[in-house]
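Here's the structure, in structure tokens; my notes come after.
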Amino acid sequence: MKSMFEKTVSLQLRLFVAVLLSIVLILGDKFTQGGENIRTSLNTLVSPLIYVANLPYEIFSFSAKSLHTREQLLTENEALKKKQVLQSEQIQQYEFLAKENQKLRALMGSSSKHSNRKIIAQVLSVHSNPYSHQVVINRGTTDGLSESQAVIDDMGLVGQLTKVGSTTSRVLLITDTTHATPVRILRNDVRTVVEGIGKINVLKLSHVPHSLDVRIGDVLVTSGLGGTFPEGYPVAVITEITRDEGQPFAQVFAEPIAQLDRIRLLVVLWLNQQELIVDD
């Protein structure tokens, strides 16, 4: 019992001494300059510890800002790509419109045709084999799409819609063996048709007479015939011509202008009924 009492007294004494020292320090800090010097020295010693303790927060904050900046840059990049695709649709018709204006075509039956409505689509999957070239996009009837609508990329004509679902659709590429595109030669307005032969980078002009004025390097654009493709969009460039008088037609091949082997963003076009061309 005696030892316990002594321990209690000792604790009380310690508490009294601690309180007394606290009062002395408070008074000394208030009425003397020494306390301020001591506090400054202690702050100097503790400052590195504060920086070390704050380091994890700084690292986390920097990482969060970097991640946010990266996500923002990716979002802005995606938006710019979509804007570029939309603007390229207008650029593709500049040469065509300039040529139309120079020739002063008659307004009836031969005025330039425009597709006023358009929508961007993203390629979800590619279905390609020697007999079929198709891709699936993330747009469908809920976006107002319907079969046979024209599809382009930022370079030129890609194909047309087929098998339109509610949220996805298939695009039949111009290189598919079942696809034919009415075109005209930009240089001289000669009309013809290009067909897919199952090769992603080759098109063939069908039934070309030996006398047809066609040259290597000629640009083919959509003619507007058939009511599927608006007039004036780039389709292909003539790359090979073989004229064998023993054959009824010349063999003419072209390379698609659209980058069919690397398409990702596409533009689906609408063609108004009043814009259809009637062949005289």
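The values are calculated or read from the model by the stated rules, or taken from the named source; none is laboratory data. Model, not experiment: these values are computed from the prediction. When we count neighbours, we look across all protein chains shown, and the Cβ atoms used for this are built from the backbone with ideal geometry, even at glycine. Surface accessibility is based on the protein's heavy atoms, side chains included, excluding ligands, DNA and RNA. Shrake-Rupley method; radii C 1.70, N 1.55, O 1.52, S 1.80 Å.
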Order of exposure, largest accessible area first, which applies to H127, H133, H210 with probe 1.4 Å:
H127, H210, H133
With viscosity set to 1.567 mPa s at 4 °C, what whole-number translational diffusion coefficient in µm²/s follows for segment 212-269 from Stokes-Einstein and a Kirkwood radius over Cα pairs?
96
Distance cut-off 24 Å, Cα to Cα: go down the list K81/K163; K83/K163; K82/K199; K82/K204; K118/K163 and report the pairs above it.
K81/K163; K83/K163; K82/K199; K82/K204
When you count, for each residue, the other Cβ atoms within 10 Å and take the mean per peptide, how do 15-27, 145-157 rank with the highest first?
145-157, 15-27
Estimated dipole of segment 155-225 in Debye, rounded to 20 [Cβ of Lys and Arg +1, of Asp and Glu -1, Cα centre]
120
When every protein chain stays in place and a 1.4 Å probe is rolled, K204, K83 sorted by accessible area with the largest first are K83, K204
Taking the Cβ of I263 as the centre, find all other residues whose Cβ is under 11 Å away and add up their charges (Lys, Arg: +1; Asp, Glu: -1).
-1
